[in-house]
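Novice: Before we start, here is the structure in question, set down as structure tokens.
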Amino acid sequence: MMSDAPIREPAYLEIEKLAVAYGDAFALDDVSLSVPRGALVSVVGANGAGKTTLIRAIAGMVQVHAGTIRFDGHDITSLSPDLVCEAGIGQVAEGRQIFPSLSVRENLRLGGALRRSRAHQKQNLERVETLFPRLAERRTQRAGSLSGGEQQMLAIARCMMAEPELIMLDEPSLGLSPLLTEQMFDIVRTLNGDGISIMLVEQNVTESLEISDSGYVLENGTVVLDGDARTLLESDLVKKAYLGM
């Protein structure tokens, strides 16, 4: 049984035969995937494929019906969400879920309140404000008054305040303009280049696979295709189902 002490080693995520059911309906069935240390892995699929349920299962937010979730060699299948965060897994949820009535700086401080990162809050604030200078300019502004792109930046920066070793991003480009979408994927590349493992969950198949090392295609709660990201982009299934080719 894993203790609740923070894990400081590099991250590694492995999922084996994962199943999640809502009543009699399975949202995920026999899903296996892995995110190697330092890798950027995409999980792509249409709306309703089970992508968000996968993230919520890893985060400890939904009950797992069967299968195992291991992080850095430890079984975290039954851990509560707070202990999953303390272990080093961060989540940027779909829809951003910032605190709109609080300032940008207050949102960031809340992100750094975990035990694993609390002592480094000042350094982490400097780090994220350097990466996101727009947030530094708006540190006293109410988060709810930011643009959609700025709110997504804030959601990612707040996650980084907890010093995650692996970040799960759920539809980070949702609702953004093409220009802001491109900027968002640049940010994801930068985070991965800094050594953070990334699991990127997206409907934007082309953009996500182009920046990834490998990928998985989810359909109706099951993995129907996986492999090297470039190979997936060239596969007939992906071209026909997601790229309109």
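Novice: Using just the helices of the chain, give the 222 nm mean residue ellipticity in deg cm²/dmol: DSSP H runs with n ≥ 4 each add -39,500 (n - 2.57), and the total is spread over all residues, rounded to 500. All intermediate terms of the calculation are to be shown ahead of the outcome.
Specialist: Details: 10 runs with 86 residues, N = 245.
Rounded to the nearest 500, the figure is -9500 deg cm²/dmol.
Novice: Order of 111-121, 36-46 by packing, highest average Cβ count within 10 Å first? Intermediate results must be reported in sequence, preceding the final value.
Specialist: Numbers: 111-121: 16.7, 36-46: 21.3.
Result, highest mean first: 36-46, 111-121.
Novice: Check which residues have an amide H placed less than 5 Å from Ala21's amide H, if you skip close sequence neighbours.
Specialist: Correct list: Ala27, His65.
Novice: In debye to the nearest 20, how big a dipole does the chain give about its Cα centre with +1 on each Lys and Arg Cβ and -1 on each Asp and Glu Cβ? Kindly include the intermediate steps, with their values, before the conclusion.
Specialist: Values: 23 positive and 33 negative charges, 207 e Å.
The calculation lands at about 1000 debye.
Novice: Follow-up question, since we're still on this one. Solvent-accessible area of Lys122, probe 1.4 Å, all protein chains present, reported in Å² to the nearest ten, please.
Specialist: About 150 Å², rounded to the nearest 10.
Novice: Further, regarding this structure: Please report how far the C-alpha centroid of region 97-124 lies from that of region 127-164, rounded to the nearest whole angstrom.
Specialist: 10
Novice: Quick query: amide H of Glu94 versus all other amide H atoms, modeled in the peptide plane; which residues come in under 5 Å with a sequence gap of 5 or more or a different chain?
Specialist: Those qualifying (amide H under 5 Å, at least 5 residues apart or on another chain) are Asp170.
Novice: Students often forget the sequence filter, so: which lysines lie under 21 Å Cα-Cα from Lys239 once same-chain residues fewer than 8 apart are removed?
Specialist: Lys51
Novice: What does the accessible area of Asp236 come to, in Å² to the nearest 10, when a probe of 1.4 Å is used?
Specialist: 120
Novice: Determine Rg/Rh for region 50-171; Rg is computed over alpha-carbon atoms and Rh is the Kirkwood hydrodynamic estimate from the same atoms. Walk me through the numbers before you get to the answer.
Specialist: On the way: Rg = 14.9 Å, Rh = 14.9 Å.
Rg divided by Rh gives 1.00.
Novice: Taking the solvent-accessible surface of protein heavy atoms with a 1.4 Å probe, what is the per residue accessible area of the chain in Å²?
Specialist: Numbers: 11130 Å² over 245 residues.
Normalised by residue count, the accessible surface of the chain is 45 Å².
Novice: Please sort 180-192, 152-164, 207-219, 130-142 by packing, taking for each peptide the average over its residues of neighbouring beta carbons within 10 angstrom, highest first.
Specialist: On the way: 180-192: 17.0, 152-164: 24.2, 207-219: 21.5, 130-142: 15.2.
My ranking of the peptides, most packed first, is 152-164, 207-219, 180-192, 130-142.
Novice: Given a 1.4 Å probe and every protein chain left where it sits, what share in percent of the accessible area of region 46-164 is carbon and sulfur?
Specialist: Numbers: 2600 of 5330 Å².
With neighbouring chains kept in place, the figure for region 46-164 is 49 percent.
The values are calculated or read from the model by the stated rules, or taken from the named source; none is laboratory data. Since the model is a prediction, treat every value here as computed from it, not as a measurement. Glycine gets a Cβ as well: all are built from the backbone with ideal geometry, and neighbour counts include every protein chain shown. Only protein heavy atoms, including side chains, enter the accessible area calculation; ligands, DNA and RNA are left aside. Shrake-Rupley method; radii C 1.70, N 1.55, O 1.52, S 1.80 Å.
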